[in-house]
Amino acid sequence: MIDGLIAAQATPAEPATADYWSMLFVFVLATFIGLGVIRRVSRLLYTPLMSLTNAISAIAVVGSIAVTGGEYPKTIRVLGAIALFASMTNIVSGFLITDRMLKMFKKQ
């Protein structure tokens, strides 16, 4: 009984296959939901919203750096590099837009 249990634990598990169609569906669905939420935000709340999205993008940067520098297949590392570029672009443009909006309220 115990020998069979040890032998069953010693056999390697089958690698999980990625379901790319499901991932693409979730990505497209999240994109449309995100656009719908962002369009309904008041202009007064835009600056706090940009701060929140910059924080979320910072988390994405850390994750994409880990994926890009890890021992993954080349396609996954390329997708990690694309995610890194997109997240950094979002962070930099968010800071530039927020800075520009705050300059509008300064007295000259």
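The values are calculated or read from the model by the stated rules, or taken from the named source; none is laboratory data. Every value quoted in this text rests on a predicted model; they were computed, and no experiment measured them. Here Cβ is always computed from backbone atoms with ideal geometry, including for glycine, and neighbour counts include all displayed protein chains.
Kindly indicate whether any position in segment 34-55 is modelled with pLDDT of 85 or more, of a type outside the set (K, R), surrounded by fewer than 13 Cβ atoms within 10 Å (Cβ to Cβ) and not in a loop (DSSP other than H, G, I, E, B).
no
Residues are listed down the side, and each one gets a yes or a no for (1) within 20 Å of F27 (Cα to Cα); (2) among the hydrophobic types (A, V, I, L, M, F, W, C); (3) surrounded by 13 or more Cβ atoms within 10 Å (Cβ to Cβ); (4) at pLDDT below 85:
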| residue | (1), (2), (3), (4) |
| --- | --- |
| S57 | yes, no, yes, yes |
| V61 | yes, yes, yes, no |
| S64 | yes, no, yes, no |
| L79 | yes, yes, yes, no |
| L84 | yes, yes, yes, no |
| F95 | no, yes, yes, yes |
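State all residues of segment 65-106 that are charged (D, E, K, R) and within 25 Å of L49 (Cβ to Cβ); if no residue qualifies, say none.
Those that are charged (D, E, K, R) and within 25 Å of L49 (Cβ to Cβ): D99, R100, K103, K106.
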